[in-house]
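Shown next, in structure tokens, is the structure this report addresses.
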Amino acid sequence: MTKIISLRAVETEVKFLDREAKRTNTNVTTVIKKLIQNAMEERELDNQTEILKAELEKVKKISLLAAENATFAMHITLANYGELVKDNQRQIEEMKEATEELTKEEMDEIQ
């Protein structure tokens with residue numbers, strides 16, 4: 001269905017439409033249709049841009065969460081490593097003491 005629409009335009013708008021019609025070798029109606037089509041496509045692009053921004057925001061949140069989890073895992077690993085070192089240090093000290101006692105006993109037996 002086609003409707004005829006008229007509009008009031010100031011002199012500068014009329015000059016612009018005439019200049020565009022001459023430049024594109026079309027008529028004023030075609031120029032106006034093209035302007036409307038461009039505006040509609042731009043709105044679609046704006047909508048797509050908003051969708052992309054929202055998706056990027058989600059990715060950003062996921063990335064931050066992953067970084068926090070990695071940092072937490074690093075701290076847990078370091079804490080566990082610290083505990084293992086302490087435990088091993090205790091075991092090393094116990095082994096040294098046991099070795100010293102055995103060595104002392106062996107030396108006493110030899111003498």
If you go through E20, E13, E68, E97, the only one that is at pLDDT below 85 and out of contact with any strand residue (DSSP E or B) (no Cβ under 9 Å at 6 or more places or on another chain) is E97
Tell me whether the range 21-29 contains one or more residues that are in contact with a helix residue (DSSP H, G or I) (Cβ under 6 Å, 6 or more places away or on another chain) and hydrophobic (A, V, I, L, M, F, W, C). yes
Candidates R23, R8, R90, filtered to the one that is more than 35 Å from the chain's Cα centre (by Cα) and not in a helix (DSSP H, G or I): R8
Looking at L35, L45, which one is among the aliphatic types (A, V, I, L, M), assigned to a helix (DSSP H, G or I) and either surrounded by fewer than 11 Cβ atoms within 10 Å (Cβ to Cβ) or in contact with a Phe, Trp or Tyr (Cβ under 9 Å, 6 or more places away or on another chain) (or both)? L45
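The values are calculated or read from the model by the stated rules, or taken from the named source; none is laboratory data. Bear in mind the structure is a predicted one, so any value in this text is a computation, not a measurement. Ideal geometry is used to build each Cβ from the backbone, glycine not excepted, and the neighbour counts take in all protein chains shown.
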